[in-house]
Amino acid sequence: MSSIVKTLFTLVADLRPSTIEFVTSAGADATGGEAVTGGVTIQGIQLKDNSNGKIKWLTFYGAGAGVGLGTPIGGSASTPDFPSFGSSVLRGMTNWGTLELTDLIGGMGQIWAFGAGAGAGVSGSLIFFNTLVPPPMPPVVFKAALWVEGAIIASPGVGVMGYSGIWILE
């Protein structure tokens, strides 16, 4: 079952649609701190370009900060077989032509992650490709964006993290 956030983001994304669609996701993060936290993450999303049928993994390597309640040292993880759902891909303001998978890599990316868990858990991530500003500034100018949500295994806690990093095409 998909969320209201995914549905709303898909409605917005359909105003500037692309041929790229979400397939699945996986990732891991580690955080430390109480109330104010710092952390690192590796996130992967598998995308399909319907214009040519290619399916590729994009991997994000990032670090960031956020706020949360939970253990002083925590983390979460998911694998591609965990249930995950993604919105339509929104072509950003810096994309005027066809959006291709290679347009999503190389530049600075941002992930705004929202999660809650205690063993089993859920997370949602607002993902931006090729942004022009790092967190905590909002990524107003970007190449593309999408919303991803799914099941995770997590240490006890709830939090919001803003990560800045780079996307690589696998």
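Structure notes:
- Filter result for Ile105 (surrounded by fewer than 23 Cβ atoms within 10 Å (Cβ to Cβ) and modelled with pLDDT of 95 or more): no
- If the condition is being surrounded by fewer than 19 Cβ atoms within 10 Å (Cβ to Cβ), closer than 11 Å to Leu146 by Cα and within 16 Å of the chain's Cα centre (by Cα), then the range 11-34 contributes only Glu21.
- So Gly39, is it closer than 21 Å to Pro138 by Cα, open to solvent by less than 20 Å² (accessible area, probe 1.4 Å) and touching a Gly at 6+ places or on another chain (Cβ under 7 Å): yes
- Residues of the range 1-29 satisfying the condition of being under 17 Å from Ala116 (Cβ atoms) and of a type in the set (A, V, I, L, M, F, W, C): Met1, Ile4, Val5, Ala28
- In the range 30-59, the residues that are within 15 Å of Gly115 (Cα to Cα) reach residues that are open to solvent by 20 Å² or more (accessible area, probe 1.4 Å) and not in a strand (DSSP E or B) with C-beta atoms within less than 8 angstrom, at least six apart or across chains, in these pairs: Gly32/Pro72.
- The set of residues in the range 47-61 that are open to solvent by less than 40 Å² (accessible area, probe 1.4 Å) and either of a type in the set (Ser, Thr, Tyr) or in contact with an Asp or Glu (Cβ under 9 Å, 6 or more places away or on another chain) (or both) comprises Leu47, Asp49, Leu58, Thr59.
- Considered as a group, the residues in the range 134-170 that are in a loop (DSSP other than H, G, I, E, B) and in contact with a strand residue (DSSP E or B) (Cβ under 8 Å, 6 or more places away or on another chain) include one that is nearest to Thr24 (Cα to Cα), and that residue is Glu170.
- Test set (1) modelled with pLDDT under 90; (2) surrounded by 15 or more Cβ atoms within 10 Å (Cβ to Cβ) - Gly150 fails condition number: (1)
- Number of the condition not met by Val122 [criteria: (1) within 24 Å of Ile55 (Cα to Cα); (2) in a strand (DSSP E or B)]: (1)
- Pair list, Cβ under 6 Å, 6 or more apart: the range 152-168 residue without any contact (Cβ under 8 Å) to a residue 40 or more places away in the chain and under 22 Å from Phe85 (Cα atoms), other residue open to solvent by 20 Å² or more (accessible area, probe 1.4 Å) and part of a strand (DSSP E or B): none
The values are calculated or read from the model by the stated rules, or taken from the named source; none is laboratory data. Note that the structure is a prediction, hence the values are computed from the model and not measured. All Cβ positions, even for glycine, are placed from backbone atoms using ideal geometry, and neighbour counts span all protein chains on display. Each accessible area value is taken on the protein alone, full model and side chains, heavy atoms only, with ligands, DNA and RNA left out. Shrake-Rupley method; radii C 1.70, N 1.55, O 1.52, S 1.80 Å.
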